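Readers should treat all values here as calculations from the given coordinates under stated rules, not as data from a laboratory. Values in this document were obtained by computation on a predicted structure and should not be read as measured data. Methodologically, a virtual Cβ is constructed for each residue, glycine included, from the backbone with ideal geometry; neighbour enumeration extends over all protein chains shown.
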Amino acid sequence: MTEPVNKIRIGTWVQINNADIVECIAISGFDFAIYDMEHGNIDFPGLESLMRAGEAKGLQSVVRVQENCSVLIMKALDLGASAVLVPGISSADDARFAVEAAKYAPLGNRGACPFIRAGEHTVKDWVTFSERMNKQTQLIALVESKQGAESLEEIIGTTGVDGLMIGPFDLSVSLGIPGNVSHPNISKTFDEAAQLAVKNGKEFYGVDFEANREGVEKMLPRWQERGITTMVTGADKVVIMHGFSELASSFKQ
């Protein structure tokens, strides 16, 4: 999923189980959406509909599964996700477990079935298909805890981990600074993670929750200094709330 360094790829979080919102995100110019099955109200039938809506408009599908569970990871990839984002990765053992679930043999032990959406419902050449899937689909490790932050080098160095993301809000809670995602310790973790990802040739997903132009213009230079070209910004609920609040306040004031 990595693009040339002169182009910033942008994605956003989707928690609302509604295909119209996904279409709006795609038409607005985003490159990918992260379908949040952990905190959103998205189930697997709903996920498939959201993915179809987005992909029809050129939007890549990243699925944040509920937990580091082999069945959940397999089902998201079977539906055709470009990448699966696995939460709660705090150690190399956690990362290896996720790799086992996300990669077909010999790289892992992902459950094999030829009758899946990712294989156009009937895989005719399993060897070629499984090799292509191992190369093309990403396993992204989501680090959200103090333990995970202390184990970044081992996690990102795990064979089969294709990308890394830091969950700033969960991490702030784990570090005893709940909600303070701009704290220097969070920034330090981002700096270290970005450096390790670049060093290991892995994709790093920068996370910022800005929902307007002013916020993006303020935060983007810092991410560019880190050498990051893949950003996740805003979220469907945040953008909707911001837009409606701005509209309402313009009348009430």
>> With +1 assigned to the C-beta of every Lys and Arg and -1 to the C-beta of every Asp and Glu, and no other charges, what is the dipole magnitude of region 23-62 about the Cα centre in debye, to the nearest 20?
In response: 160 debye
> Given H placed on each backbone N at 1.01 Å, which residues far from Gly167 in sequence or on other chains put an amide H within less than 5 Å of it?
Replying inline: Val143, Glu144
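Might you report the magnitude of the Cβ-based charge dipole of the chain about its Cα centre, with Lys and Arg at +1 and Asp and Glu at -1, to the nearest 20 debye?
Details: 23 positive and 33 negative charges, 68 e Å.
Taking the Cα centre of the chain as origin, the dipole is about 320 debye.
Go ahead and run the numbers for FRET between Phe209 and Arg132, Cβ-Cβ distance against an R0 of 41 Å, rounding to 0.05.
Numbers: r = 34 Å, r/R0 = 0.84.
It comes to 0.75.
What is the magnitude of the charge dipole of region 115-170 about its Cα centre, with +1 placed on the Cβ of each Lys and Arg, -1 on the Cβ of each Asp and Glu, and no other charges, expressed in debye to the nearest 20?
Once rounded to the nearest 20, the dipole reads 320 debye.
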>> Quick check for you: which residues of region 217-236 have the amide N under 15 Å from the point 7 Å beyond the Cα of Ser182 toward its beta carbon?
In response: 217-223
>> Below 15 angstrom from the Cβ of Ala211, what's the summed charge of the other residues (Lys, Arg +1; Asp, Glu -1)?
In response: -3
> Stretched out fully, how many nm does the piece from Phe169 to Gln147 gain, at 0.36 nm a residue minus the Cα gap?
Replying inline: 6.4 nm
> How large is ³J(HN,Hα), in whole Hz, for each residue of region 73-84 in order, when computed from phi with the Karplus curve 6.51 cos²θ - 1.76 cosθ + 1.60 and θ = phi - 60°, using x for Gly and Pro?
Replying inline: 4, 4, 5, 5, 6, 4, 6, x, 4, 5, 8, 10
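Applying a 10 Å radius around every beta-carbon, put 96-104, 28-36, 187-195 in order of their mean neighbour count, most first. Intermediate values should be presented prior to the final figure.
Numbers: 96-104: 22.3, 28-36: 20.0, 187-195: 17.4.
Packing order, densest peptide first, comes out as 96-104, 28-36, 187-195.
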> Sequence-distant or interchain residues sharing an amide H contact under 5 Å with Gly80, placed H: which?
Replying inline: Ala118
>> Using each residue's phi in region 62-70, evaluate 6.51 cos²θ - 1.76 cosθ + 1.60 at θ = phi - 60° and report the 3J(HN,Hα) Karplus result to the nearest Hz, with x for Gly and Pro.
In response: 10, 10, 8, 6, 5, 6, 6, 10, 4
>> Given contacts defined as C-alpha pairs under 8 Å and at least six residues apart, what's the relative contact order of region 143-209, whole-number percent?
In response: 40 percent
> Considering only Cys69, Ala83, Gln147, whose Cα is most displaced toward the positive end of the charge dipole of the chain, charges sitting on Cβ of Lys, Arg (+1) and Asp, Glu (-1)?
Replying inline: Ala83
>> With unit charges on the beta carbons (Lys and Arg positive, Asp and Glu negative) and the dipole taken about the Cα centre of region 136-253, which residue among Pro221, Met231, Leu164 sits farthest to the positive side?
In response: Pro221
